[in-house]
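Q: First the structure, then my questions, so here it is.
The values are calculated or read from the model by the stated rules, or taken from the named source; none is laboratory data. The structure presented is a predicted model; accordingly, all values stated were derived computationally and were not measured. Here Cβ is always computed from backbone atoms with ideal geometry, including for glycine, and neighbour counts include all displayed protein chains.
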Amino acid sequence: MSNEANIAEKNIIQLKDITVKFDDDVILDNLSLSIKDREFVTLLGQSGCGKTTTLRIIAGFINPQSGDVYFESNRVNDLPPHKRPVNTIFQRYALFPNYNVYDNIAFGLRVDKVPEKEIKERVDEMLRLVNLQGFEKRDISRLSGGQQQRVAIARAAIKRPKVLLLDEPLAALDLKLRKDMQNELKAMQRKLGITFVYVTHDQEEALSMSDTVVVMHEGKIQQIGTPIDIYNEPENAFVADFIGESNILDGIMREDYRVCLDGVDFKCLDKGFGKNEPVDVVIRPEDVDIVPVEKGMLTGEVTQVTFRGVHYEIIIDVENFKWMVQTTDESKVGDVVGLFIEPDAIHIMKKSKYSGKFGDYSSYSDEMDDISNPDIELGEDEE
Amino acid sequence: MKKKSLINTIVNAPYAIWATIFIIVPLVIVCYYAFTDKAGHFTFDNIKQLTEYSGVFGISLLYSAIATVITLLLAYPFAYFLSKRSENSQRMQMLLVMLPMWMNLLIRTYSWMNILEKNGIINNFLGLFGLDPVTMIGTPGAVILGMVYNYLPYMILPIYTVMSKMDNTLIEAARDLGCNGFNTWKRLILPLSIPGVVSGIAMVFVPSVSTFYISQKLGGGTIMLIGDTIERQMQVQYNYNLGAALSLVLMVLILVSMMIMSKFSDDDMEGGLVA
């Protein structure tokens with residue numbers, strides 16, 4: 001699935017020590033990021049994490065207070081948006097209501113004074129790419145969300161930019177269409193052979209489409225890695241909690257390859273920590289096996305069973321921690337069971353400022369709390 | 001559906017009655033007078049007589065057209081740059097634009113007389129430097145100034161409305177696709193602001209072309225516009241028939257001008273104030 005073979009070694013975009021403040025709010029805090037040519041990079045994070053701001057800095061709509069933006073090793077800080085070799089697909093498409101489909105797609109070429117004959121050829125090519133042949137004369141207002149999305153892609157891609165910036169392009173589509181468009185965008189990126197910088201808050205989208213995922217939080221990059229790395233080897237408790245479901249426990253590293261959880265020592269594959277160093281331990285719910293008590297490493301009581309289709313989601317109380325387990329075998333509430341965890345299912349992380357913030361499944365998420373709090377205004381956008 | 005249309009009828013009834021009494025009936029009366037003589041017999045004489053007034057019509061249309069162009073040139077950049085300011089600044093400046101409209105048109109026009117008169121503020125000021133008084137009252141310039149001054153807010157308002165409603169991401173999209181400032185304006189902002197411009201033109205041109213007060217006061221009795229002529233027929237000469245004929249033709253002229261204008265707006269009037 002990955003197109004690693006196509007990714008060039010050279011960096012196409014480099015951000016160095018970027019800091020952005022709006023009034024006194026620090027939006028981006030000394031952020032550095034390199035993006036390779038023909039890479040599909042996703043900036044992933046909750047709203048307000050600075051991902052859209054990062055994209056807008058690359059596009060040239062925001063000038064950072066400090067730090068440099070390089071494009072193929074040229075500093076482009078002072079280059080206005082219309083002179084940058086990037087094009088953007090905006091969140092709500094931003095199609096021009098005064099032009100029809102054809103004229104919207106042709107817009108960028110007309111500005112560049114490309115001859116009409118060539119424009120026609122290239123618009124036709126784009127319409128084929130996004131499967132909208134026959135829609136040339138259609139008014140923008142008479143297109144569905146999915147069709148507008150395609151026009152927005154064609155309008156941006158027709159300029160043959162080296163980098164396409166996508167700001168949550170699928171957020172407004174419904175689930176089924178979103179899945180289809182994910183595949184289509186990925187295929188398109190390979191066909192066009194250009195770099196995509198994709199912004200989303202949807203971790204599943206990020207994992208399934210990207211070559212590289214950049215997890216952002218509070219204006220900082222938390223982790224950069226392949227989707228598999230991000231999932232299996234999260235850098236800290238925030239990433240572990242944000243990507244997928246996870247059990248995050250306090251542990252103590254007894255010695256290399258030995259960690260103590262809940263007073264029980266477990267074998268693991270991690271080393272290089274200090275003796276008796278407190279650590280965060282992440283164990284994915286699908287990596288925990290439910291076994292008879294006598295075979296288990298930990299013993300607990302089943303308190304909640306939820307059927308999720310492919311699997312059951314089972315909450316098991318062990319002493320003072322509620323474990324989440326995903327399994328295809330059913331358990332009953334009230335059962336006393338054992339938990340078995342393989343050494344390779346245990347991932348050890350250094351303590352960070354996010355330690356202790358994400359515990360077990362006994363409480364609702366922050367977002368759930370925010371919704372019921374009248375003092376917090378929940379905006380869709382970062383700005 | 002039937003039920004809904006009954007409710008519609010009831011809701012619309014007050015306006016329908018109002019429109020009938022104050023718009024349609026007077027129009028019919030105007031038409032009646034325009035095509036009858038003093039004795040009430042049907043005639044085309046009034047209309048034929050209008051050829052004498054073609055000069056007045058011409059001057060009225062010319063002055064209002066000039067005034068409309070000037071207000072447009074003043075209002076468009078103002079509205080454009082205003083829409084880019086902070087919200088507080090926008091509110092404050094719009095308040096300043098509207099402020100003169102809280103005063104009566106007559107008072108505003110009298111004030112201009114005081115400013116422009118032979119013994120007015122400007123000439124007194126010039127006199128301090130030993131300069132001869134300049135005649136301003138009674139010149140076309142004074143009349144056009146009066147029109148521009150009085151109707152400028154009506155041009156600013158609709159243009160500002162479309163400008164401030166314009167989605168900023170559209171402008172970003174245009175920049176992103178290679179437009180510099182001028183191209184963004186030419187290819188995006190201008191076409192999107194046309195409905196506001198058309199509304200503004202209508203709201204300035206129509207009252208300008210039919211004004212009689214501004215031309216009477218600032219024209220100093222030497223400049224007769226079509227409005228003055230109608231007023232004189234009605235109020236001084238008591239020739240209702242000729243006055244009605246003049247009004248009718250003026251209405252037709254305005255209607256034709258508006259139809260020509262709306263051709264330019266591509267039949268797309270959303271965002272504008274006048275359909």
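Q: Quickly run through the range A:113-144 and pick out the residues that are within 13 Å of chain B (Cβ to nearest Cβ) and exposed (fewer than 14 other Cβ atoms within 10 Å of the Cβ).
A: Within the range A:113-144, A:113, A:139, A:141 qualify.
Q: With the structure loaded, tell me whether residue A:64 is out of contact with any Pro (no Cβ under 9 Å at 6 or more places or on another chain), closer than 30 Å to residue A:115 by Cβ and assigned to a loop (DSSP other than H, G, I, E, B) or whether it fails that test.
A: So residue A:64 fails the test.
Q: Can I ask one more? Just give me the residues in the range A:78-118 being in a helix (DSSP H, G or I), of a type in the set (Val, Ile, Thr) and under 16 Å from residue A:153 (Cα atoms), in sequence order.
A: A:101, A:105
Q: Taking the range A:217-246 on its own, how many of its residues are over 12 Å from the mean Cα position of the chain (by Cα) and in contact (Cβ under 8 Å) with a residue 24 or more places away in the chain? Show your work before the answer.
A: First pass over the range A:217-246, keeping only residues over 12 Å from the mean Cα position of the chain (by Cα): A:218-220, A:228-229, A:232-238, A:240-241, A:245-246.
Adding the requirement that they be in contact (Cβ under 8 Å) with a residue 24 or more places away in the chain leaves A:218-220, A:232-238, A:240-241, A:245-246.
Residues flagged as over 12 Å from the mean Cα position of the chain (by Cα) and in contact (Cβ under 8 Å) with a residue 24 or more places away in the chain within the range A:217-246 amount to 14.
Q: Could you count how many residues in the range A:77-112 are among the β-branched types (Val, Ile, Thr) and either at positive phi or without any contact (Cβ under 8 Å) to a residue 60 or more places away in the chain (or both)?
A: Of the residues in that region, 3 qualify.
Q: Would you check which residues across the range A:46-104 are among the β-branched types (Val, Ile, Thr) and in contact with a Phe, Trp or Tyr (Cβ under 6 Å, 6 or more places away or on another chain) and list them?
A: A:101
Q: Does residue A:220 satisfy the condition of being outside the structural domain of residue A:72 (by TED's automatic domain parsing) and among the basic types (Lys, Arg)?
A: no
Q: Just give me the residues in the range A:321-356 being under 17 Å from residue A:299 (Cα atoms) and of a type in the set (A, V, I, L, M), in sequence order.
A: Hits for the range A:321-356 are A:324, A:325, A:333, A:336, A:337, A:339, A:341.
Q: Do we have residue A:78 as acidic (Asp, Glu), more than 14 Å from chain B (Cβ to nearest Cβ) and within 19 Å of residue A:163 (Cβ to Cβ) here?
A: On the way: acidic (Asp, Glu): yes; more than 14 Å from chain B (Cβ to nearest Cβ): yes; within 19 Å of residue A:163 (Cβ to Cβ): yes.
Answer is yes for this residue.
Q: Let me ask something else about it. Go through the range A:167-191 and report how many residues are of a type outside the set (D, E, K, R), in contact (Cβ under 8 Å) with a residue 60 or more places away in the chain and in contact with a Leu (Cβ under 9 Å, 6 or more places away or on another chain).
A: Here the count works out to 2.
Q: Just to be sure I understand, how many residues within the range B:162-174 are within 19 Å of residue B:85 (Cα to Cα) and either crowded, with 20+ Cβ neighbours inside 10 Å or within 11 Å of another protein chain (Cβ to nearest Cβ) (or both)?
A: Residues of the range B:162-174 that are within 19 Å of residue B:85 (Cα to Cα), as a first pass: B:162-172.
Applying the additional criterion that residues be either crowded, with 20+ Cβ neighbours inside 10 Å or within 11 Å of another protein chain (Cβ to nearest Cβ) (or both) yields B:162-163, B:166-172.
Total meeting the criteria: 9.
Q: From the list A:344, A:317, A:375, which one is at pLDDT 85 or above and more than 27 Å from the chain's Cα centre (by Cα)?
A: On the way: A:344 fails: more than 27 Å from the chain's Cα centre (by Cα); A:375 fails: at pLDDT 85 or above.
So the residue among A:344, A:317, A:375 that is at pLDDT 85 or above and more than 27 Å from the chain's Cα centre (by Cα) is A:317.
Q: On the basis of being aromatic (Phe, Trp, Tyr), under 30 Å from residue A:147 (Cβ atoms) and assigned by TED's automatic domain parsing to the domain that holds residue A:223, does residue A:90 make the cut? Before the answer, list the steps.
A: Working: aromatic (Phe, Trp, Tyr): yes; under 30 Å from residue A:147 (Cβ atoms): yes; assigned by TED's automatic domain parsing to the domain that holds residue A:223: yes.
Against the criterion (aromatic (Phe, Trp, Tyr), under 30 Å from residue A:147 (Cβ atoms) and assigned by TED's automatic domain parsing to the domain that holds residue A:223), residue A:90 qualifies.
Q: Just to verify a result, which residue in the range A:81-105, among those that are among the aromatic types (Phe, Trp, Tyr) and at the interface with chain B (Cβ under 9 Å from one of its Cβ atoms), is surrounded by the most Cβ atoms within 10 Å (Cβ to Cβ)?
A: Here is the first cut: in the range A:81-105, the ones among the aromatic types (Phe, Trp, Tyr) are A:90, A:93, A:96, A:99, A:102.
Still in the list and also at the interface with chain B (Cβ under 9 Å from one of its Cβ atoms): A:90, A:93, A:96, A:99.
Values: A:90: 21, A:93: 23, A:96: 21, A:99: 19.
Residue satisfying both the conditions and the ranking: A:93.
Q: A further question on this structure: Inside the range A:278-300, can you point out the residues that are under 14 Å from residue A:250 (Cα atoms), surrounded by 15 or more Cβ atoms within 10 Å (Cβ to Cβ) and not aliphatic (A, V, I, L, M)?
A: A:280
Q: Does the range B:100-122 include one or more residues that are farther than 26 Å from residue B:228 by Cβ, without any contact (Cβ under 8 Å) to a residue 12 or more places away in the chain and in a helix (DSSP H, G or I)? Step through it out loud before you land on a result.
A: First, pick out the residues of the range B:100-122 that are farther than 26 Å from residue B:228 by Cβ: B:102.
Checking which are without any contact (Cβ under 8 Å) to a residue 12 or more places away in the chain leaves us with B:102.
Then keep just the ones that are in a helix (DSSP H, G or I); that gives B:102.
Taking every residue of the range B:100-122 in turn, at least one turns out to be farther than 26 Å from residue B:228 by Cβ, without any contact (Cβ under 8 Å) to a residue 12 or more places away in the chain and in a helix (DSSP H, G or I).
Q: Failed condition for residue A:164, given (1) more than 14 Å from chain B (Cβ to nearest Cβ); (2) crowded, with 19+ Cβ neighbours inside 10 Å, with all others met?
A: That leaves (1) as the condition not met.
Q: Could you please tell me which pairs satisfy a Cβ distance under 6 Å, a separation of 6+ or placement on different chains, a first residue in the range B:241-260 that is more than 11 Å from residue B:209 (Cβ to Cβ), and a second residue that is of a type in the set (Phe, Trp, Tyr)?
A: That search, which allows pairs on different chains as well, returns B:241/B:33; B:244/B:33.
One line per residue, one yes/no per condition, for (1) among the hydrophobic types (A, V, I, L, M, F, W, C); (2) farther than 20 Å from residue B:254 by Cα:
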{"site": "B:179", "(1), (2)": "yes, yes"}
{"site": "B:182", "(1), (2)": "yes, yes"}
{"site": "B:190", "(1), (2)": "yes, yes"}
{"site": "B:205", "(1), (2)": "yes, no"}
{"site": "B:228", "(1), (2)": "no, no"}
{"site": "B:240", "(1), (2)": "no, yes"}
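Q: Only residues that are more than 15 Å from residue B:252 (Cα to Cα) and assigned to a helix (DSSP H, G or I): list them for the range B:25-39, please.
A: Matches in the range B:25-39: B:25, B:26, B:29, B:32, B:33.
Q: Considering only residues that are surrounded by fewer than 16 Cβ atoms within 10 Å (Cβ to Cβ) and charged (D, E, K, R), look in the range B:117-161 and name the one that is farthest from residue A:98 (Cα to Cα).
A: B:132
Q: Looking at (1) touching a strand residue (DSSP E or B) at 6+ places or on another chain (Cβ under 8 Å); (2) aromatic (Phe, Trp, Tyr); (3) under 22 Å from residue B:189 (Cβ atoms), find the lone condition where residue A:71 falls short.
A: Answer for residue A:71: the failing condition is (3).
Q: Conditions: (1) surrounded by fewer than 13 Cβ atoms within 10 Å (Cβ to Cβ); (2) more than 14 Å from chain A (Cβ to nearest Cβ); (3) farther than 30 Å from residue B:63 by Cα. Residue B:114 meets all but one. Number of the miss?
A: The one condition residue B:114 does not meet is (3).
Q: Hey, residue A:151 hits all of (1) within 12 Å of chain B (Cβ to nearest Cβ); (2) surrounded by fewer than 19 Cβ atoms within 10 Å (Cβ to Cβ) but one; which does it fall short on?
A: Only one criterion in (1) within 12 Å of chain B (Cβ to nearest Cβ); (2) surrounded by fewer than 19 Cβ atoms within 10 Å (Cβ to Cβ) is unmet by residue A:151, namely (2).
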